[in-house]
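The values are calculated or read from the model by the stated rules, or taken from the named source; none is laboratory data. The structure displayed is predicted, hence computed values, not measured ones. Cβ placement follows ideal geometry from the backbone for every residue including glycine, while neighbour counts extend to all protein chains displayed.
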Ligand code: GDP
(Lines give C-alpha, C1' and ligand atoms only; values in the text may rest on other atoms or scores of the structure.)
Protein backbone atom coordinates (compact mmCIF):
# COMPACT_ATOMS: atom_id res chain seq x y z
CA UNK A 1 0.00 0.00 0.00
CA UNK A 2 1.01 3.55 -0.60
CA UNK A 3 2.60 5.55 2.19
CA UNK A 4 3.71 2.54 4.20
CA UNK A 5 7.32 3.66 4.44
CA UNK A 6 6.38 7.24 5.12
CA UNK A 7 4.02 6.17 7.86
CA UNK A 8 6.67 3.98 9.41
CA UNK A 9 9.27 6.72 9.37
CA UNK A 10 6.95 9.32 10.81
CA UNK A 11 5.90 6.97 13.55
CA UNK A 12 9.56 6.48 14.37
CA UNK A 13 9.93 10.25 14.70
CA UNK A 14 6.95 10.50 17.01
CA UNK A 15 8.07 7.55 19.10
CA UNK A 16 11.16 9.48 20.14
CA UNK A 17 8.91 12.21 21.46
CA UNK A 18 6.90 9.99 23.73
CA UNK A 19 7.24 10.65 27.38
CA UNK A 20 8.90 14.02 26.84
CA UNK A 21 7.51 16.59 29.21
CA UNK A 22 8.81 19.53 27.21
CA UNK A 23 9.93 20.01 23.66
CA UNK A 24 12.80 22.39 23.05
CA UNK A 25 13.67 24.31 19.92
CA UNK A 26 16.43 21.81 19.32
CA UNK A 27 13.97 18.93 19.50
CA UNK A 28 11.81 20.65 16.89
CA UNK A 29 14.79 21.08 14.57
CA UNK A 30 15.70 17.42 14.96
CA UNK A 31 12.15 16.23 14.37
CA UNK A 32 11.64 18.39 11.31
CA UNK A 33 14.94 17.24 9.86
CA UNK A 34 13.74 13.66 10.14
CA UNK A 35 10.33 14.51 8.69
CA UNK A 36 12.09 16.21 5.79
CA UNK A 37 14.08 13.07 5.00
CA UNK A 38 10.95 10.94 5.30
CA UNK A 39 9.05 13.15 2.84
CA UNK A 40 11.88 13.27 0.33
CA UNK A 41 12.14 9.51 0.49
CA UNK A 42 8.41 9.31 -0.21
CA UNK A 43 9.16 11.24 -3.41
CA UNK A 44 7.45 14.45 -2.39
CA UNK A 45 8.60 17.41 -4.49
CA UNK A 46 11.28 19.52 -2.83
CA UNK A 47 9.46 22.90 -2.82
CA UNK A 48 6.51 21.21 -1.14
CA UNK A 49 8.75 19.63 1.48
CA UNK A 50 10.42 22.95 2.20
CA UNK A 51 7.17 24.80 2.71
CA UNK A 52 5.80 22.03 4.88
CA UNK A 53 8.86 21.96 7.13
CA UNK A 54 8.86 25.74 7.46
CA UNK A 55 5.24 25.72 8.58
CA UNK A 56 5.79 22.94 11.11
CA UNK A 57 8.81 24.70 12.59
CA UNK A 58 6.96 27.97 12.96
CA UNK A 59 4.09 26.34 14.73
CA UNK A 60 5.95 23.75 16.80
CA UNK A 61 8.50 26.04 18.40
CA UNK A 62 6.88 27.32 21.54
CA UNK A 63 3.80 25.12 21.40
CA UNK A 64 1.13 26.09 23.85
CA UNK A 65 0.98 24.03 26.98
CA UNK A 66 -2.23 22.07 27.02
CA UNK A 67 -3.67 20.15 29.91
CA UNK A 68 -5.09 17.33 27.86
CA UNK A 69 -2.33 16.90 25.26
CA UNK A 70 1.27 16.12 26.01
CA UNK A 71 3.95 17.77 23.88
CA UNK A 72 4.25 14.75 21.59
CA UNK A 73 0.54 14.76 20.90
CA UNK A 74 0.64 18.46 20.18
CA UNK A 75 3.39 18.04 17.61
CA UNK A 76 1.44 15.21 15.98
CA UNK A 77 -1.58 17.47 15.87
CA UNK A 78 0.39 20.21 14.13
CA UNK A 79 1.91 17.79 11.59
CA UNK A 80 -1.53 16.38 10.92
CA UNK A 81 -3.06 19.80 10.36
CA UNK A 82 -0.27 20.86 8.01
CA UNK A 83 -0.48 17.59 6.07
CA UNK A 84 -4.23 18.06 5.71
CA UNK A 85 -3.67 21.61 4.45
CA UNK A 86 -1.12 20.46 1.88
CA UNK A 87 -3.53 17.80 0.68
CA UNK A 88 -6.14 20.47 0.04
CA UNK A 89 -7.88 21.12 3.36
CA UNK A 90 -11.39 19.91 2.65
CA UNK A 91 -13.22 17.60 0.31
CA UNK A 92 -13.59 18.88 -3.29
CA UNK A 93 -16.87 17.71 -4.72
CA UNK A 94 -17.50 16.81 -8.31
CA UNK A 95 -19.01 19.86 -10.03
CA UNK A 96 -22.40 19.69 -11.64
CA UNK A 97 -23.59 21.93 -14.43
CA UNK A 98 -26.87 23.80 -13.88
CA UNK A 99 -27.93 22.61 -17.35
CA UNK A 100 -27.83 19.04 -18.59
CA UNK A 101 -25.59 17.49 -19.54
CA UNK A 102 -22.70 17.93 -17.15
CA UNK A 103 -19.68 17.29 -19.35
CA UNK A 104 -16.62 15.72 -17.80
CA UNK A 105 -13.45 15.34 -19.80
CA UNK A 106 -10.76 12.88 -18.69
CA UNK A 107 -7.21 13.69 -19.67
CA UNK A 108 -3.84 12.19 -18.86
CA UNK A 109 -0.95 10.12 -20.09
CA UNK A 110 -1.45 6.68 -21.55
CA UNK A 111 -1.86 3.97 -18.96
CA UNK A 112 -2.68 6.40 -16.15
CA UNK A 113 -6.12 4.88 -15.77
CA UNK A 114 -8.41 7.29 -17.66
CA UNK A 115 -10.61 4.67 -19.26
CA UNK A 116 -10.91 2.70 -16.04
CA UNK A 117 -11.77 5.88 -14.14
CA UNK A 118 -14.44 6.80 -16.69
CA UNK A 119 -16.09 3.44 -15.96
CA UNK A 120 -15.78 3.86 -12.21
CA UNK A 121 -17.28 7.33 -12.34
CA UNK A 122 -20.14 6.25 -14.61
CA UNK A 123 -20.97 3.51 -12.13
CA UNK A 124 -20.87 5.89 -9.21
CA UNK A 125 -23.09 8.49 -10.91
CA UNK A 126 -25.55 5.86 -11.99
CA UNK A 127 -25.82 4.17 -8.62
CA UNK A 128 -25.64 7.15 -6.32
CA UNK A 129 -27.48 9.79 -8.32
CA UNK A 130 -29.58 7.64 -10.53
CA UNK A 131 -27.89 9.49 -13.39
CA UNK A 132 -27.98 8.51 -17.06
CA UNK A 133 -24.42 8.99 -18.24
CA UNK A 134 -23.06 8.57 -21.76
CA UNK A 135 -19.42 7.78 -22.36
CA UNK A 136 -17.67 9.02 -25.49
CA UNK A 137 -14.75 6.96 -26.80
CA UNK A 138 -12.29 9.62 -27.93
CA UNK A 139 -9.07 7.68 -27.58
CA UNK A 140 -8.63 6.78 -31.24
CA UNK A 141 -4.90 6.16 -31.02
CA UNK A 142 -5.21 3.17 -28.76
CA UNK A 143 -7.79 0.91 -30.45
CA UNK A 144 -7.98 -1.26 -27.36
CA UNK A 145 -9.19 1.75 -25.38
CA UNK A 146 -12.40 1.91 -27.42
CA UNK A 147 -13.11 -1.79 -26.88
CA UNK A 148 -12.26 -1.41 -23.22
CA UNK A 149 -14.76 1.42 -22.84
CA UNK A 150 -17.42 -0.48 -24.75
CA UNK A 151 -16.92 -3.51 -22.50
CA UNK A 152 -17.22 -1.29 -19.43
CA UNK A 153 -20.37 0.23 -20.89
CA UNK A 154 -21.92 -3.19 -21.39
CA UNK A 155 -20.98 -4.26 -17.89
CA UNK A 156 -22.53 -1.14 -16.40
CA UNK A 157 -25.40 -0.81 -18.83
CA UNK A 158 -24.14 2.64 -19.77
CA UNK A 159 -24.22 3.72 -23.44
CA UNK A 160 -20.92 4.36 -25.20
CA UNK A 161 -20.67 6.60 -28.26
CA UNK A 162 -17.88 5.60 -30.64
CA UNK A 163 -16.94 5.89 -34.27
CA UNK A 164 -14.06 3.46 -34.22
CA UNK A 165 -10.59 4.76 -34.89
CA UNK A 166 -11.22 6.25 -38.32
CA UNK A 167 -12.50 9.66 -37.28
CA UNK A 168 -10.82 12.66 -35.80
CA UNK A 169 -11.48 12.77 -32.02
CA UNK A 170 -12.81 16.33 -32.15
CA UNK A 171 -15.50 15.24 -34.62
CA UNK A 172 -16.30 12.20 -32.52
CA UNK A 173 -16.86 14.40 -29.48
CA UNK A 174 -19.02 16.80 -31.51
CA UNK A 175 -21.20 13.93 -32.75
CA UNK A 176 -21.23 12.30 -29.33
CA UNK A 177 -22.52 15.47 -27.69
CA UNK A 178 -25.27 15.70 -30.28
CA UNK A 179 -26.18 12.10 -29.57
CA UNK A 180 -26.31 12.81 -25.81
CA UNK A 181 -28.49 15.83 -26.31
CA UNK A 182 -31.00 13.79 -28.31
CA UNK A 183 -30.95 10.97 -25.77
CA UNK A 184 -31.21 13.40 -22.82
CA UNK A 185 -28.19 12.01 -21.02
CA UNK A 186 -27.48 14.07 -17.91
CA UNK A 187 -23.75 13.34 -17.81
CA UNK A 188 -21.28 12.96 -20.65
CA UNK A 189 -17.90 11.46 -19.84
CA UNK A 190 -15.32 12.00 -22.54
CA UNK A 191 -12.41 9.57 -22.61
CA UNK A 192 -9.58 11.29 -24.47
CA UNK A 193 -6.35 9.99 -25.92
CA UNK A 194 -3.17 9.80 -23.92
CA UNK A 195 0.42 9.62 -25.03
CA UNK A 196 3.41 8.16 -23.36
CA UNK A 197 4.69 11.69 -23.01
CA UNK A 198 3.18 15.10 -23.33
CA UNK A 199 3.43 16.42 -26.92
CA UNK A 200 2.07 19.40 -28.78
CA UNK A 201 -0.23 17.42 -31.04
CA UNK A 202 -1.98 15.82 -28.08
CA UNK A 203 -2.30 19.11 -26.25
CA UNK A 204 -3.69 20.91 -29.29
CA UNK A 205 -6.25 18.20 -29.78
CA UNK A 206 -7.28 18.38 -26.12
CA UNK A 207 -7.53 22.16 -26.33
CA UNK A 208 -9.83 21.82 -29.34
CA UNK A 209 -12.04 19.32 -27.54
CA UNK A 210 -12.18 21.63 -24.54
CA UNK A 211 -13.22 24.57 -26.73
CA UNK A 212 -15.89 22.53 -28.42
CA UNK A 213 -17.35 20.76 -25.38
CA UNK A 214 -16.91 23.51 -22.77
CA UNK A 215 -16.75 20.86 -20.03
CA UNK A 216 -17.76 21.48 -16.42
CA UNK A 217 -14.83 19.38 -15.25
CA UNK A 218 -11.51 18.57 -16.83
CA UNK A 219 -10.15 15.83 -14.66
CA UNK A 220 -6.52 14.89 -14.98
CA UNK A 221 -5.87 11.24 -14.24
CA UNK A 222 -2.38 10.51 -12.93
CA UNK A 223 -0.68 7.34 -11.85
CA UNK A 224 0.59 7.53 -8.25
CA UNK A 225 3.36 5.10 -9.04
CA UNK A 226 5.08 7.70 -11.20
CA UNK A 227 5.77 9.88 -8.15
CA UNK A 228 7.27 13.26 -8.91
CA UNK A 229 6.66 12.78 -12.63
CA UNK A 230 2.95 12.78 -11.84
CA UNK A 231 3.32 16.17 -10.19
CA UNK A 232 5.23 17.48 -13.20
CA UNK A 233 2.63 16.10 -15.62
CA UNK A 234 -0.10 17.74 -13.57
CA UNK A 235 1.65 21.09 -13.74
CA UNK A 236 1.98 20.95 -17.53
CA UNK A 237 -1.59 19.79 -18.16
CA UNK A 238 -2.86 22.49 -15.86
CA UNK A 239 -0.87 25.22 -17.57
CA UNK A 240 -2.25 24.24 -20.95
CA UNK A 241 -5.79 23.11 -20.16
CA UNK A 242 -6.59 24.73 -16.81
CA UNK A 243 -7.79 21.46 -15.30
CA UNK A 244 -10.46 21.45 -12.60
CA UNK A 245 -9.29 18.51 -10.55
CA UNK A 246 -7.01 15.51 -10.27
CA UNK A 247 -7.64 11.79 -9.91
CA UNK A 248 -4.78 9.79 -8.47
CA UNK A 249 -4.91 6.15 -9.48
CA UNK A 250 -3.07 3.07 -8.25
CA UNK A 251 -2.79 4.20 -4.66
CA UNK A 252 -3.28 0.54 -3.86
CA UNK A 253 0.05 -0.24 -5.45
CA UNK A 254 3.44 -0.21 -3.87
CA UNK A 255 3.93 3.50 -4.29
CA UNK A 256 5.71 5.98 -2.13
CA UNK A 257 2.73 8.29 -2.31
CA UNK A 258 4.67 11.49 -2.95
CA UNK A 259 2.49 12.36 -5.92
CA UNK A 260 -0.56 12.82 -3.75
CA UNK A 261 1.34 15.12 -1.45
CA UNK A 262 2.86 17.26 -4.19
CA UNK A 263 0.08 17.68 -6.73
CA UNK A 264 -2.28 19.91 -4.85
CA UNK A 265 0.47 22.24 -3.72
CA UNK A 266 2.08 22.42 -7.16
CA UNK A 267 -1.07 22.90 -9.24
CA UNK A 268 -3.39 24.44 -6.68
CA UNK A 269 -6.05 22.09 -8.07
CA UNK A 270 -7.92 19.69 -5.80
CA UNK A 271 -7.59 15.94 -5.78
CA UNK A 272 -11.16 14.70 -6.20
CA UNK A 273 -10.92 10.90 -6.20
CA UNK A 274 -8.37 8.17 -5.76
CA UNK A 275 -8.26 4.85 -7.54
CA UNK A 276 -7.46 1.99 -5.22
CA UNK A 277 -7.67 -1.02 -7.51
CA UNK A 278 -8.62 -2.33 -10.92
CA UNK A 279 -12.22 -3.16 -10.04
CA UNK A 280 -15.01 -0.69 -10.81
CA UNK A 281 -15.80 -0.32 -7.15
CA UNK A 282 -12.24 0.71 -6.29
CA UNK A 283 -12.87 4.44 -6.28
CA UNK A 284 -12.70 6.64 -3.21
CA UNK A 285 -13.63 10.25 -2.63
CA UNK A 286 -10.52 12.07 -1.54
CA UNK A 287 -10.69 13.47 2.00
CA UNK A 288 -7.50 15.34 2.90
CA UNK A 289 -7.96 14.90 6.64
CA UNK A 290 -8.52 11.17 6.45
CA UNK A 291 -5.59 10.75 4.11
CA UNK A 292 -3.40 12.67 6.50
CA UNK A 293 -4.44 10.52 9.46
CA UNK A 294 -3.72 7.47 7.37
CA UNK A 295 -0.26 8.72 6.45
CA UNK A 296 0.47 9.36 10.10
CA UNK A 297 -0.75 5.86 10.93
CA UNK A 298 -3.12 7.29 13.48
CA UNK A 299 -6.39 5.68 12.67
CA UNK A 300 -8.57 8.53 13.73
CA UNK A 301 -6.38 9.40 16.69
CA UNK A 302 -6.99 13.08 16.24
CA UNK A 303 -10.72 12.73 16.71
CA UNK A 304 -9.94 10.72 19.80
CA UNK A 305 -7.56 13.37 21.10
CA UNK A 306 -10.17 16.02 20.49
CA UNK A 307 -12.82 14.05 22.30
CA UNK A 308 -10.45 13.46 25.19
CA UNK A 309 -9.79 17.17 25.33
CA UNK A 310 -13.49 17.92 25.40
CA UNK A 311 -14.25 15.35 28.10
CA UNK A 312 -11.15 15.63 30.16
CA UNK A 313 -11.85 16.31 33.78
CA UNK A 314 -8.45 17.10 35.17
CA UNK A 315 -9.39 17.05 38.83
CA UNK A 316 -11.18 13.76 38.60
CA UNK A 317 -8.26 12.21 36.72
CA UNK A 318 -5.80 13.41 39.34
CA UNK A 319 -7.87 11.87 42.14
CA UNK A 320 -8.12 8.59 40.22
CA UNK A 321 -4.40 8.52 39.50
CA UNK A 322 -3.66 9.03 43.16
CA UNK A 323 -6.03 6.25 44.12
CA UNK A 324 -4.42 3.92 41.60
CA UNK A 325 -1.04 4.72 42.98
CA UNK A 326 -2.09 3.99 46.55
CA UNK A 327 -3.96 0.89 45.50
CA UNK A 328 -7.19 2.50 46.68
CA UNK A 329 -8.95 2.18 43.32
CA UNK A 330 -12.38 0.76 44.09
CA UNK A 331 -15.59 -0.28 42.36
CA UNK A 332 -16.95 3.26 42.54
CA UNK A 333 -13.89 4.62 40.71
CA UNK A 334 -14.28 1.87 38.18
CA UNK A 335 -17.74 3.15 37.35
CA UNK A 336 -16.52 6.76 37.15
CA UNK A 337 -13.83 5.67 34.73
CA UNK A 338 -16.33 3.74 32.63
CA UNK A 339 -18.54 6.81 32.50
CA UNK A 340 -15.71 9.02 31.36
CA UNK A 341 -14.63 6.66 28.63
CA UNK A 342 -18.22 6.18 27.54
CA UNK A 343 -18.76 9.91 27.25
CA UNK A 344 -16.16 9.85 24.46
CA UNK A 345 -18.42 7.73 22.28
CA UNK A 346 -19.21 4.10 21.56
CA UNK A 347 -16.40 1.87 22.73
CA UNK A 348 -15.92 0.11 19.41
CA UNK A 349 -15.56 3.44 17.67
CA UNK A 350 -12.94 4.49 20.18
CA UNK A 351 -11.07 1.22 19.72
CA UNK A 352 -10.99 1.74 15.97
CA UNK A 353 -9.44 5.15 16.42
CA UNK A 354 -6.53 3.82 18.43
CA UNK A 355 -3.46 3.55 16.21
CA UNK A 356 -2.06 0.10 15.72
CA UNK A 357 -5.29 -1.47 16.92
CA UNK A 358 -6.08 -2.80 13.46
CA UNK A 359 -2.70 -4.54 13.37
CA UNK A 360 -3.35 -6.62 16.46
CA UNK A 361 -4.66 -10.00 15.33
CA UNK A 362 -8.24 -10.45 16.34
CA UNK A 363 -8.60 -6.90 17.62
CA UNK A 364 -11.13 -6.04 14.97
CA UNK A 365 -13.33 -8.80 16.35
CA UNK A 366 -13.40 -7.32 19.80
CA UNK A 367 -16.96 -6.38 20.43
CA UNK A 368 -17.76 -4.11 23.28
CA UNK A 369 -21.30 -4.72 24.25
CA UNK A 370 -22.87 -1.61 25.80
CA UNK A 371 -25.20 -4.01 27.61
CA UNK A 372 -22.18 -5.58 29.25
CA UNK A 373 -21.07 -2.17 30.52
CA UNK A 374 -24.59 -1.51 31.78
CA UNK A 375 -24.59 -4.91 33.53
CA UNK A 376 -21.34 -4.12 35.31
CA UNK A 377 -22.68 -0.78 36.35
CA UNK A 378 -25.79 -2.43 37.75
CA UNK A 379 -23.65 -4.80 39.81
CA UNK A 380 -21.68 -1.95 41.33
CA UNK A 381 -24.86 -0.03 42.05
CA UNK A 382 -26.21 -3.08 43.87
CA UNK A 383 -23.26 -3.05 46.24
CA UNK A 384 -23.31 -1.39 49.62
CA UNK A 385 -21.03 1.56 50.21
CA UNK A 386 -18.63 -0.64 52.18
CA UNK A 387 -18.56 -3.25 49.42
CA UNK A 388 -17.94 -0.67 46.74
CA UNK A 389 -15.03 0.76 48.68
CA UNK A 390 -13.58 -2.70 49.29
CA UNK A 391 -13.95 -2.38 53.05
CA UNK A 392 -15.51 -5.81 53.39
CA UNK A 393 -14.79 -9.17 51.86
CA UNK A 394 -17.22 -10.03 49.05
CA UNK A 395 -18.43 -13.32 50.51
CA UNK A 396 -20.55 -15.76 48.48
CA UNK A 397 -23.63 -14.57 50.34
CA UNK A 398 -22.90 -10.97 49.42
CA UNK A 399 -22.21 -11.94 45.81
CA UNK A 400 -25.53 -13.76 45.64
CA UNK A 401 -27.29 -10.65 46.94
CA UNK A 402 -25.50 -8.46 44.35
CA UNK A 403 -26.49 -10.90 41.62
CA UNK A 404 -30.13 -10.82 42.64
CA UNK A 405 -30.11 -7.04 43.09
CA UNK A 406 -28.64 -6.35 39.68
CA UNK A 407 -30.50 -9.03 37.74
CA UNK A 408 -27.35 -11.01 36.98
CA UNK A 409 -26.31 -14.57 37.67
CA UNK A 410 -23.95 -15.52 40.48
CA UNK A 411 -21.42 -16.66 37.86
CA UNK A 412 -21.49 -13.28 36.13
CA UNK A 413 -20.85 -11.48 39.41
CA UNK A 414 -17.90 -13.78 40.13
CA UNK A 415 -16.52 -13.14 36.68
CA UNK A 416 -16.78 -9.39 37.07
CA UNK A 417 -15.10 -9.35 40.48
CA UNK A 418 -12.27 -11.47 39.11
CA UNK A 419 -11.86 -9.12 36.17
CA UNK A 420 -11.81 -6.12 38.45
CA UNK A 421 -9.15 -7.54 40.71
CA UNK A 422 -7.03 -8.56 37.75
CA UNK A 423 -7.08 -5.06 36.30
CA UNK A 424 -6.31 -3.69 39.72
CA UNK A 425 -3.29 -5.98 40.00
CA UNK A 426 -2.16 -4.80 36.61
CA UNK A 427 -2.52 -1.17 37.59
CA UNK A 428 -0.55 -1.82 40.69
CA UNK A 429 2.23 -3.54 38.76
CA UNK A 430 2.47 -0.60 36.41
CA UNK A 431 2.39 1.90 39.25
CA UNK A 432 5.10 0.13 41.16
CA UNK A 433 7.13 -0.32 38.07
CA UNK A 434 8.11 2.21 35.57
CA UNK A 435 5.72 5.14 35.70
CA UNK A 436 7.34 6.81 32.72
CA UNK A 437 7.01 3.66 30.63
CA UNK A 438 3.30 3.73 31.24
CA UNK A 439 3.02 7.42 30.39
CA UNK A 440 5.00 6.65 27.26
CA UNK A 441 2.70 3.84 26.30
CA UNK A 442 -0.26 6.13 26.70
CA UNK A 443 1.51 9.04 25.10
CA UNK A 444 0.46 8.47 21.55
P1 LIG B 1 -5.65 4.76 -19.83
O2 LIG B 1 -4.64 4.46 -20.90
O3 LIG B 1 -5.31 6.02 -19.10
O4 LIG B 1 -7.05 4.75 -20.32
O5 LIG B 1 -5.48 3.62 -18.73
P6 LIG B 1 -6.39 2.36 -18.40
O7 LIG B 1 -7.70 2.80 -17.81
O8 LIG B 1 -6.41 1.45 -19.54
O9 LIG B 1 -5.56 1.73 -17.19
C10 LIG B 1 -4.26 1.20 -17.36
C11 LIG B 1 -4.06 0.02 -16.42
O12 LIG B 1 -4.10 0.46 -15.08
C13 LIG B 1 -5.14 -1.02 -16.54
O14 LIG B 1 -4.55 -2.30 -16.45
C15 LIG B 1 -6.04 -0.77 -15.33
O16 LIG B 1 -6.68 -1.95 -14.90
C17 LIG B 1 -5.04 -0.27 -14.34
N18 LIG B 1 -5.61 0.61 -13.30
C19 LIG B 1 -6.39 1.71 -13.49
N20 LIG B 1 -6.70 2.28 -12.29
C21 LIG B 1 -6.12 1.52 -11.34
C22 LIG B 1 -6.05 1.59 -9.89
O23 LIG B 1 -6.59 2.49 -9.22
N24 LIG B 1 -5.33 0.61 -9.28
C25 LIG B 1 -4.70 -0.38 -9.98
N26 LIG B 1 -4.02 -1.28 -9.28
N27 LIG B 1 -4.73 -0.47 -11.30
C28 LIG B 1 -5.44 0.46 -11.99
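Just checking, which of 177, 189 is under 19 Å from residue 212 (Cβ atoms) and part of a helix (DSSP H, G or I)?
Among 177, 189, only 177 is under 19 Å from residue 212 (Cβ atoms) and part of a helix (DSSP H, G or I).
Here's the yes/no breakdown for (1) assigned by TED's automatic domain parsing to the domain that holds residue 224; (2) closer than 21 Å to residue 166 by Cα:
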{"residue": "77", "(1), (2)": "no, no"}
{"residue": "96", "(1), (2)": "no, no"}
{"residue": "107", "(1), (2)": "yes, yes"}
{"residue": "112", "(1), (2)": "yes, no"}
{"residue": "117", "(1), (2)": "yes, no"}
{"residue": "131", "(1), (2)": "yes, no"}
{"residue": "136", "(1), (2)": "yes, yes"}
{"residue": "139", "(1), (2)": "yes, yes"}
{"residue": "154", "(1), (2)": "yes, no"}
Among the residues of the stretch 39-54, which ones are modelled with pLDDT under 90, crowded, with 21+ Cβ neighbours inside 10 Å and not in a loop (DSSP other than H, G, I, E, B)? 39
Working only within the stretch 95-145, note down all residues that are within 23 Å of residue 207 (Cα to Cα), within 28 Å of the chain's Cα centre (by Cα) and more than 14 Å from the ligand (Cβ to nearest atom). 95, 96, 104
Given the options 278, 284, 348, name the one that is modelled with pLDDT under 80 and surrounded by fewer than 18 Cβ atoms within 10 Å (Cβ to Cβ). 348
Of the numbered conditions (1) more than 27 Å from residue 257 (Cβ to Cβ); (2) in contact with a strand residue (DSSP E or B) (Cβ under 8 Å, 6 or more places away or on another chain), residue 164 satisfies every one except a single condition; which is it? (2)
In this structure, does residue 197 turn out to be away from the ligand (no atom under 16 Å from the Cβ), surrounded by fewer than 18 Cβ atoms within 10 Å (Cβ to Cβ) and not in a helix (DSSP H, G or I)? no
Looking at this structure, is residue 234 buried (at least 19 other Cβ atoms within 10 Å of the Cβ), at pLDDT below 90, touching a helix residue (DSSP H, G or I) at 6+ places or on another chain (Cβ under 8 Å) and in a helix (DSSP H, G or I)? no
Of those in the stretch 162-204 that are within 37 Å of the chain's Cα centre (by Cα) and without any contact (Cβ under 8 Å) to a residue 40 or more places away in the chain, the residue farthest from residue 101 (Cα to Cα) is 199
